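Structure first, then comments.
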There are 2 protein chains.
Amino acid sequence: MSKNAIYAQSGGVTAVINASACGIIETARKYPDQIGKVYAGRNGIVGILKEDLIDTSEESSESIARLRTAPSGAFGSCRYKLKSIQESRDAYQRLIDVFAAHEIGYFFYNGGGDSADTCLKIAQISEQMGYPVQALHVPKTVDNDLPVTDSSPGFGSAAKYIATSVLEASLDVASMSLTSTKVFILEVMGRHSGWMAAAGGMASSQSHPIPLVILFPEIAFDREQFIQRVRSTVSEHGQVSIVVSEGVAGKDGRFLAGQDGSDAFGHQQLGGVAPTIACIVKQDTGFKYHWAVADYLQRSARHIASRTDVEQAYAVGESAVLMALDGENSVMPAIVRTSDHPYQWKIGKASLAEVANVEKKLPGHFIDESGYGITQACRDYIAPLMEGEDYPEFRNGVPHYIRLVNKSVPRKLDTDFEV
Amino acid sequence: MSKNAIYAQSGGVTAVINASACGIIETARKYPDQIGKVYAGRNGIVGILKEDLIDTSEESSESIARLRTAPSGAFGSCRYKLKSIQESRDAYQRLIDVFAAHEIGYFFYNGGGDSADTCLKIAQISEQMGYPVQALHVPKTVDNDLPVTDSSPGFGSAAKYIATSVLEASLDVASMSLTSTKVFILEVMGRHSGWMAAAGGMASSQSHPIPLVILFPEIAFDREQFIQRVRSTVSEHGQVSIVVSEGVAGKDGRFLAGQDGSDAFGHQQLGGVAPTIACIVKQDTGFKYHWAVADYLQRSARHIASRTDVEQAYAVGESAVLMALDGENSVMPAIVRTSDHPYQWKIGKASLAEVANVEKKLPGHFIDESGYGITQACRDYIAPLMEGEDYPEFRNGVPHYIRLVNKSVPRKLDTDFEV
């Protein structure tokens, strides 16, 4: 007898997370004998806890196909971290109750490191509680910090957005720097690791060099040395573009700029390091500057998604279903790079025990000796992930992204759950 | 005997100003009997004053054709305003000396309102000084504030970038707002007029509504009323995207946020109103927020240029040359809208006396009664300017934009000029 599946999106969304949803739903629909309906948690796992489920079988195949080109989370996502089984036993019990009520046999959780951990716990506890489900994690994060997998879907598109933006703004500055702005600063995301900052380095190439200074969260900020670098770059090239990670910190480990408050995972919520750097540049050099903060634009810019990224996002969704049908549990489809030149990849399998709560850092040899740039090894790694375009449909001058009907599944439980 | 032409780019560059350069150079090359070489001022009029000219005849026709898809100013631009003829007589004299030395018969000045004024003065003084040149202005400005012409090349692409960015970021927020960010703020350019802010309104459509609050420079900022609007929008839709113009000011006329210093034209240099609005939202509502500052990205984003904008930018360049060959002087090719539905346009002719130093404001009836949104009339105006895509070539994941050789013209004068 076929069992139903539940899919949930977790954490910050990306330009291609819906391509993974597309891969999961389209693949599941090919195996109606094994997988009944695919439900989605409305706003992620919060929707499952509340028994607020979406019936994706109500969507046409055309609508599901169009998920491939739509950014953000089509079913809603959330920042909600289940704690340990001891601390959050009620929540885990509730999940199992909802799974049992809706005859769920498969759980596909689409997220980053935190959700990999949740996914693993669900597999374990569902077994213990006598209602075993196969729990598979589907990788997603612009931060590219998931281990085992060569890259995380979402990163390639964010990298393409950042590199393109730095290139275009730098050309703007190049044409004005004689009499106007000499220093352009772009703030990018990446709390603890410099993947997104490194992507800024891809704006520059041998055939089209751009004078860049990258401020990585991995390198303690040294004001004097930084200003020296800015001065020498402007002196040599007439301009400089600074790509600064939101996570840049001083020698004392304190972030250069932060807003108060923290998110549900206990991460400090950041923002505003670009104006801080601008202020330093102004005080110490007097150069005319401009600054931009990409914020959500960098993770939602589906209009400039990487085709490679879209294909990989789809593939990890598709493979998760195929692995589930193969009887796999507590695993994550991982992207395996089989060749650099030409870039080739395949889908492998990672055990969630190896993935959960492990953060992949930017390798030390990806940052050059100066500490302000990327190495050829880094370029070789990032370049193929940005490769190719995959434009969405436009209507009236703006992208025309699908909005699903998102019809609710009738509730079966007579209890509520406070989230 | 054919005379040479000089082309110069002025002021802040755009995603399509090089398409105008392409139109000028390609058209001039068709009439070698009337137009000899097309020189370009290196870094705009500063290059002409310094007799630092670029010989565009050294560029292949392939390179010139590729200007059509390259953002920023291929020959360099500048912020340098000539004052009145009385105050800047030396500079005008120098321009005429350079023109005479290089047998210039045509001057094409590609810029906004300030450069239209300069262009007009050059036509007048060259006549007075006994070396008459035909001076034609080629419209360009993301600010869309040039009079007579229905729109200014550069605006349509910036509008497309802004609308797309607001749409994509709003979808991101939509998928997270239940447990995370409810308020997204994007700061856009537009010192004194709300054209760019209005473009943010194009993110929303009947088929795809987005909860928006637009802060126009035309409407005095009222904190209490604004917060009420933010609250009611979040209450109704669960989220709000705020598009804020850098030029938003309070009832006392003071900008909400500004950096010190001013540019060469005496404009106050702005930036940083997004964090100011974020702070107000936080203090008064406690809603979780994120903010972005588009800055140069919005005017250099050639990767998402409007096809209509590119076509019009090319057409005004092409027409300027044809008008010059027709003997016109002190004029500017203007875009004339001949029909709204379907959108149709042609090139007309504007007298520089009508263009110089006149700023076209956002019409009052383009802002809706609430003061926080745009009207259907505004939508009808902006929509066709954003219509169509015109993607650049990509290589290795990023746009591959032409870099010209920009070979210098041998100097003929033995005097220098301090700029």
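Structure values in brief
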read-out	value
Test for residue B:84: is it small (Gly, Ala, Ser) and closer than 30 Å to residue B:303 by Cβ	no
Residue B:48 being at pLDDT 95 or above, farther than 18 Å from residue B:309 by Cα and assigned to a helix (DSSP H, G or I)	yes
Answer from B:383, B:350, B:356 - the residue that is among the aliphatic types (A, V, I, L, M), out of contact with any strand residue (DSSP E or B) (no Cβ under 7 Å at 6 or more places or on another chain) and away from chain A (no Cβ under 14 Å)	B:356
Candidates B:106, B:131 - the one that is away from chain A (no Cβ under 14 Å), under 23 Å from residue B:335 (Cα atoms), in contact (Cβ under 8 Å) with a residue 12 or more places away in the chain and among the hydroxyl-bearing types (Ser, Thr, Tyr)	B:106
Looking only at the range B:279-326, and only at residues there that are over 21 Å from residue B:66 (Cα atoms) and of a type in the set (Ser, Thr, Tyr), the one that is nearest to the other protein chains (Cβ to nearest Cβ)	B:296
Complete set of residues in the range B:7-48 that are of a type in the set (Val, Ile, Thr) and in contact with a helix residue (DSSP H, G or I) (Cβ under 6 Å, 6 or more places away or on another chain)	B:13, B:14, B:16, B:24, B:25, B:27, B:35, B:38, B:48
Every pair of residues 6+ apart whose Cβ atoms lie under 6 Å, when the first sits in the range B:196-217 and is in contact (Cβ under 8 Å) with a residue 60 or more places away in the chain while the second is of a type in the set (S, T, N, Q) and surrounded by fewer than 24 Cβ atoms within 10 Å (Cβ to Cβ)	B:212/B:204
Hits in the range B:136-178 (condition: away from every other protein chain (no Cβ under 14 Å) and either free of Cβ contacts under 8 Å to residues at least 40 places away in the same chain or in a helix (DSSP H, G or I) (or both))	none
Restricting the range A:369-394 to residues that are without any contact (Cβ under 8 Å) to a residue 60 or more places away in the chain and in a loop (DSSP other than H, G, I, E, B), the residue that is farthest from residue A:69 (Cα to Cα)	A:369
Some residue of the range A:201-210 being touching a helix residue (DSSP H, G or I) at 6+ places or on another chain (Cβ under 7 Å), farther than 24 Å from residue B:80 by Cα and surrounded by fewer than 24 Cβ atoms within 10 Å (Cβ to Cβ)	yes
Within the range B:76-90, considering residues that are small (Gly, Ala, Ser) and within 14 Å of chain A (Cβ to nearest Cβ), the one farthest from the chain's Cα centre (by Cα)	B:76
Given (1) under 20 Å from residue B:163 (Cα atoms); (2) surrounded by 14 or more Cβ atoms within 10 Å (Cβ to Cβ), number of the condition residue B:380 does not satisfy	(2)
Residues of the range A:28-45 classified as assigned to a strand (DSSP E or B) and of a type in the set (D, E, K, R), total	1
Within the range A:1-19, considering residues that are assigned to a helix (DSSP H, G or I) and in contact with a Leu (Cβ under 9 Å, 6 or more places away or on another chain), the one nearest to the other protein chains (Cβ to nearest Cβ)	A:18
Residue in the range B:49-72 that is crowded, with 24+ Cβ neighbours inside 10 Å and out of contact with any helix residue (DSSP H, G or I) (no Cβ under 8 Å at 6 or more places or on another chain) present	no
Residue satisfying condition, being touching a strand residue (DSSP E or B) at 6+ places or on another chain (Cβ under 9 Å), more than 7 Å from every other protein chain (Cβ to nearest Cβ), modelled with pLDDT under 95 and over 27 Å from residue A:67 (Cβ atoms), within set B:190, B:194	B:190
Residues satisfying the stated conditions in the range B:257-268, i.e. in contact with a strand residue (DSSP E or B) (Cβ under 6 Å, 6 or more places away or on another chain) and either at pLDDT 50 or above or facing another protein chain (nearest Cβ under 10 Å) (or both)	B:258
The lone exception for residue A:339 - which of (1) more than 14 Å from chain B (Cβ to nearest Cβ); (2) in contact with a helix residue (DSSP H, G or I) (Cβ under 9 Å, 6 or more places away or on another chain); (3) of a type in the set (Ser, Thr, Tyr) it fails	(2)
Any hit, the range A:4-22, residues being under 23 Å from residue A:93 (Cα atoms), within 22 Å of the chain's Cα centre (by Cα) and surrounded by fewer than 23 Cβ atoms within 10 Å (Cβ to Cβ)	no
Residue B:313 within 15 Å of the chain's Cα centre (by Cα), closer than 30 Å to residue B:225 by Cβ and modelled with pLDDT of 95 or more	no
Residue list for the range B:62-83, restricted to those being of a type in the set (A, V, I, L, M) and either in a helix (DSSP H, G or I) or within 14 Å of residue B:305 (Cβ to Cβ) (or both)	B:64, B:65, B:67, B:70
Boolean, residue B:406 is surrounded by fewer than 22 Cβ atoms within 10 Å (Cβ to Cβ), within 14 Å of chain A (Cβ to nearest Cβ), free of Cβ contacts under 8 Å to residues at least 24 places away in the same chain and on the phi > 0 side of the Ramachandran plot	no
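The values are calculated or read from the model by the stated rules, or taken from the named source; none is laboratory data. None of these values were measured; they are calculated from a predicted model. Neighbour counts run over all protein chains shown; Cβ positions are idealised from the backbone, glycine included.
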